1. Between the alpha-carbon centers of the stretch 169-236 and the stretch 110-148, tell me the distance in whole angstrom.
2. My understanding is that a pair violates if its Cα-Cα distance is over 29 Å; which of Lys133/Lys192; Lys32/Lys144; Lys133/Lys216; Lys11/Lys49; Lys11/Lys192; Lys158/Lys199 do that in this structure?
3. So if I take the alpha carbon set of the stretch 131-255, get Rg, then get Rh from the Kirkwood formula, what is the Rg over Rh ratio?
4. Rounded, prolate or oblate: which one fits the stretch 113-201, using the alpha carbon gyration tensor with axes a ≥ b ≥ c (rounded when a/c is under 1.5, else prolate when a/b beats b/c, else oblate)?
5. With a sphere of radius 11 Å drawn around the Cβ of Ser153, what net charge do the other residues whose Cβ falls strictly inside it have (Lys, Arg +1; Asp, Glu -1)?
6. Cβ under 13 Å from Trp170's Cβ, Trp170 left aside: what net charge do those residues give with Lys, Arg +1 and Asp, Glu -1?
7. Output the peptides 214-227, 89-102 sorted from most to least packed, where packing is the average of other Cβ atoms within 10 Å over each peptide's residues.
8. Going through the DSSP H helices of the chain, which span 18 Å or more along their own axis at the Cα atoms while scoring at least 0.0 as a mean Kyte-Doolittle hydropathy?
Amino acid sequence: MITIKNVREIKLMRESNSLVALILDELHDMIKPGVNAFDLNARAEDIMKEHDAESAFKGYEMDDLGPYEYSICSSVNSEIVHGYSTKDKVLHDGDIIGIDVGIKMNGFCGDGARTFVVGSIAREVQSLLDCTKQALENAITQCKPGNRVGDISAAIEKTAMDNGLHVAEWLTGHGIGRTLHEDPMIPNVGKKGTGPMLKPGMTISIEPMFNIGTSKTVEKEWVFYTMDGSPSAHFENTVLITENEPEILTKTRNS
Ligand code: MF3
Ligand code: CO
């Protein structure tokens, strides 16, 4: 069921998603060679606690996987999403790290992700990041009432195609509200003019994931990797559909 949020619910969605943006900005400031993912996770947990919020990821259950153990996802290089935030995951010059933050506060969820650069990276990898971020922006341009989910998906797919990149298979965005994952599903490939219609009051998390070498993925427990080991980027914003322009609820410093 697709939920339409009322004025009060929209206010709470704004608050939850602003906290996600704040955490992403704080973690961005920590990114440098030598930092480990466990410490990023710990900092995120501290900020959540300060705001009486909790992680929407920790304890999340899916299929027959055990509950997810981390409060944020830290996905380095060929890890596409759901990477583990462990102490031995130490950042090195030239790495990229996708940080995904999901929270629940006052009964409403926030969700957002950015891929950050560690030190200096190869030109090809920078272009991967730029294009994935551009895909998210192009997708958000489609978030007008009367448009359909397929318009969002098609905009993402086209951005990958135009730039010779590959959309990670299987993974999608989603509606969001009292729970992290609500209807509708927001695929990263699709046809214009198809799928559910966008209406004011809907809140959706759009999350393109692009790979350099292949769309094929491998799963090990929770973690999705590119099949060929090539780098992958992930950018996610939660967006409110309004009568006019879409409102990005997870606006960070640079996006
Ligand atoms: N942003 C990701 C998603 O919406 C977060 C995954 S939740 C996790 O699917 F628990 F699997 F980490
Ligand atoms: Co999400």
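1. Here the answer is 12 Å between Cα centres.
2. Lys32/Lys144; Lys11/Lys192
3. That ratio is 0.97, to two decimals.
4. Prolate is the answer for the stretch 113-201, as a/c is 1.5 or above and a/b outweighs b/c.
5. Net of charged neighbours comes to +2.
6. Summing Lys/Arg as +1 and Asp/Glu as -1 gives -3.
7. Those peptides, ordered most packed to least, come out 89-102, 214-227.
8. Sorted by number, the helices that extend far enough and score high enough are 7-30, 149-162.
No value in this document is a laboratory result; all are computed from the given coordinates. In this text, all values refer to a predicted model and were calculated from it rather than measured experimentally. Because the Cβ atoms are built from the backbone with ideal geometry, glycine has one as well, and the counts that use them run over all protein chains shown.
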